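Here's the structure, in structure tokens; my notes come after.
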Amino acid sequence: MEMGKKLLAAGQLADALSHFHAAVDGDPKNYMAYYRRATVFLAMGKSKSALPDLSRVIELKPDFTSARLQRGKLLLKQGKLDEAESDFKKVLKSNPSYKEEKEATSQLAKSDELQRLVAQAQQSYSSKDYATAAAQLDAIIETCVWDVTSREMRAECFIQMGEMGKAISDLKALSKLKNDNTQAFYRLSTIYYNLGDHEMSLNEVRECLKLDPDHKECFSHYKQVKKVNKQIQSAEELIREQRYEDAVSKYEAVIKTEPNVRQFSLLAKERICHALSQAQQGSRAVSVCSEVLQSDPENVNVLKDRAEAYVQDEQYEEAIKDYENAAKHSENDHQIKEGLERAQRLLKQSQRRDYYKILGVKRTAQKKEIIRAYRKLAQQWHPDNFQDPEEKKKAEKKFIDIAQAKEVLTDPEMRTKFDHGEDPMDPESQQGHHHPFNGGFHGFQGFNPFGSGPFNFKFNFN
């Protein structure tokens with residue numbers, strides 16, 4: 001025994017534990033051997049192992065107040081308040097030392113206060129006042145750190161309050177505090193799933209099935225999570241392989257597999273947005289990306305993807321807005337910086353319009369050839385031909401460019417100015433002059449951009 005005490009004093013806990021194991025095996029009724037071993041367990045942070053040894057000490061020597069006081073404190077941490085109070089009261093009745101009496105009295109008062117708090121927390125929980133209950137349970141768990149019941153109740157309060165991060169923290173603690181706690185693993189898995197974290201959900205439900213392979217709730221949930229997880233992994237592999245349309249189809253399947261969890265729909269649409277932008281499907285990408293940004297306006301990845309889609313659609317000003325917005329939330333992202341600079345360059349280039357290129361005619365083209373090219377393109381890009389808002393917006397810009405090109409190239413004076421490097425439709429170079437297109441698309445009111453000829457279109461520009 002003396003050797004064990006020396007080892008314990010020297011901090012050689014593993015050697016001390018081995019020594020007291022041997023002492024207990026050699027003399028199962030040696031209460032001091034049990035007490036010393038319990039002390040080592042406590043020093044090692046193994047309170048669960050210490051508790052049976054302290055109980056054995058009290059069984060062998062009921063008036064051993066130090067062991068009873070230690071057991072009472074451990075029971076208090078476990079939330080077993082009635083048992084803890086019983087130990088503290090017995091200490092006070094067994095002629096304790098002054099120090100033991102003072103500590104037992106203090107612990108008894110703490111236990112009484114905890115009993116009151118437990119009753120209040122249960123009342124608040126029953127009344128569905130989860131915020132108050134959680135605050136009361138905070139005070140309880142501060143002392144009763146291993147109290148399973150209080151943690152279970154607080155976890156449920158957090159779930160009801162939507163504080164999922166805090167609920168996860170309590171449920172993870174519960175999975176360790178309570179042996180074979182399949183319910184904690186199941187709740188963890190369902191929370192992660194509803195947050196859209198399919199990988200963590202799969203990990204937790206697997207832990208449940210390790211404990212009980214026949215657990216009905218866990219097995220049913222496992223099949224669903226596994227299916228969603230497999231679809232997402234397949235979709236990501238398709239993106240890596242640059243098979244973007246296949247990836248879009250796979251993510252659309254994810255939405256069908258799990259239509260009830262909003263986070264999976266958002267994740268799927270975010271990745272569809274990315275795949276479409278990578279596939280140079282600008283208009284489709286803008287539509288899907290915009291849908292995601294309505295729910296998550298600060299999503300940097302989606303802002304970048306939509307910006308790229310806008311560039312593909314030659315909507316450079318919109319692209320610049322998205323890149324600037326993304327930069328606010330991710331200042332050191334080089335991809336954003338490069339994308340913004342590129343969009344700004346393309347905008348500048350686009351503002352130097354080539355009217356011949358717009359109509360697809362040579363610089364030597366005659367007026368009849370210019371009018372013929374104009375009519376064909378105007379018929380093709382008339383905004384009334386498009387229903388999708390993004391497509392219509394693109395068509396309006398294109399239609400105005402076509403009409404402006406016809407206006408310049410069929411007017412000898414304006415065409416001469418343009419051929420000499422001056423843009424007669426540029427307000428900055430034409431100060432004091434008015435052109436019917438300077439007001440944008442609404443500038444067409446009352447004007448038939450097709451002029452005379454066999455084409456008779458009705459325009460509604462309001």
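The values are calculated or read from the model by the stated rules, or taken from the named source; none is laboratory data. Note that the structure is predicted; figures quoted are calculated from it, not measured. For neighbour counting, all protein chains shown are included, and Cβ atoms are generated from backbone atoms with ideal geometry for every residue, glycine included. The area values use the complete protein model at the heavy-atom level, side chains included, leaving out ligands, DNA and RNA. Shrake-Rupley method; radii C 1.70, N 1.55, O 1.52, S 1.80 Å.
Please verify whether segment 400-423 includes one or more residues that are within 24 Å of Ala319 (Cβ to Cβ), open to solvent by less than 30 Å² (accessible area, probe 1.4 Å), among the aromatic types (Phe, Trp, Tyr) and in contact (Cβ under 8 Å) with a residue 40 or more places away in the chain. No.
Run down Gln312, Gln335, Gln294 and say which single residue is over 21 Å from the mean Cα position of the chain (by Cα) and within 23 Å of Glu391 (Cα to Cα). Going through Gln312, Gln335, Gln294 in turn, just one is over 21 Å from the mean Cα position of the chain (by Cα) and within 23 Å of Glu391 (Cα to Cα): Gln312. Each residue in segment 365-395 was checked for being farther than 29 Å from Thr416 by Cβ and in a helix (DSSP H, G or I), and 10 of them qualify. Residues that are open to solvent by 90 Å² or more (accessible area, probe 1.4 Å) and either more than 21 Å from the chain's Cα centre (by Cα) or of a type in the set (Asp, Glu) (or both) within segment 218-261 comprise Phe219, Lys223, Arg240, Gln242, Arg243, listed in sequence order.
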